[in-house]
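Heads up: the structure comes next, in structure tokens.
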Amino acid sequence: MKALETAGALGQTLLQILEARIELFGVEYRFEKARLAALVGFACLAAASLVLAGVAGIVALAMATPEHYQTLVMAAVSGFFLLILVLSIAAAVYLMDHKRTPFTETRSELRKDAQCISSLLKKRK
């Protein structure tokens, strides 16, 4: 009877571990989804800024007249949009974070669980 109770307790513990890991996976999934949405947003902002910088540059060339201030203002506007482009690219690169992989915490916890269970099984033998 004691073995049956022990097996039941072990099964319940394993189910609780599985439930915690699924919950952790869900949290990380939501985080990755938000990260991807931000990355797409920055990419769209970068593309729009590039187009606006190009348009402003073309307008600056078209408006190039002896009046030096018009060209200077349009060049400043182009520079502003290019700055937004550079900042958007920098933000996208920051979000990508080359060293971070998705679901790192979930995989780490699952590895720990597997090691713990395998060590328990080895002790039983």
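Miscellaneous remarks
- Screening Arg107 against (1) surrounded by fewer than 13 Cβ atoms within 10 Å (Cβ to Cβ); (2) closer than 30 Å to Gly11 by Cβ; (3) among the basic types (Lys, Arg) leaves a single unmet condition, (1).
- Within this structure, Ile22 passes the test of being out of contact with any Leu (no Cβ under 9 Å at 6 or more places or on another chain), modelled with pLDDT of 85 or more, of a type in the set (Val, Ile, Thr) and in a helix (DSSP H, G or I).
- Residue match in segment 57-80 (condition: among the hydrophobic types (A, V, I, L, M, F, W, C) and touching a residue at least 24 places away in the same chain (Cβ under 8 Å)): no
- Within segment 81-110, residues that are closer than 16 Å to Gly26 by Cα reach partners that are at pLDDT 85 or above and small (Gly, Ala, Ser) with beta carbons closer than 8 Å, at six or more positions or on different chains, in the pairs Glu109/Ala20.
- Residue match in segment 25-38 (condition: out of contact with any helix residue (DSSP H, G or I) (no Cβ under 6 Å at 6 or more places or on another chain), under 30 Å from Leu121 (Cα atoms) and not in a helix (DSSP H, G or I)): no
- Residue in segment 97-104 that is in a helix (DSSP H, G or I), surrounded by 12 or more Cβ atoms within 10 Å (Cβ to Cβ) and not small (Gly, Ala, Ser) present: no
- Considering segment 1-21, and only residues there that are among the hydrophobic types (A, V, I, L, M, F, W, C) and surrounded by fewer than 11 Cβ atoms within 10 Å (Cβ to Cβ), the residue that is nearest to Glu105 (Cα to Cα) turns out to be Leu15.
- For Ala90, the requirement of being closer than 30 Å to Ala3 by Cα, surrounded by fewer than 14 Cβ atoms within 10 Å (Cβ to Cβ) and out of contact with any Cys (no Cβ under 7 Å at 6 or more places or on another chain) is not met.
- When we screen Ile58, Ile84 for residues that are among the β-branched types (Val, Ile, Thr) and out of contact with any helix residue (DSSP H, G or I) (no Cβ under 7 Å at 6 or more places or on another chain), the only hit is Ile58.
The values are calculated or read from the model by the stated rules, or taken from the named source; none is laboratory data. Source: prediction; values computed, not measured. A quick note on method: Cβ atoms are made from the backbone with ideal geometry, for glycine too, and the neighbour counts reach across all protein chains shown.
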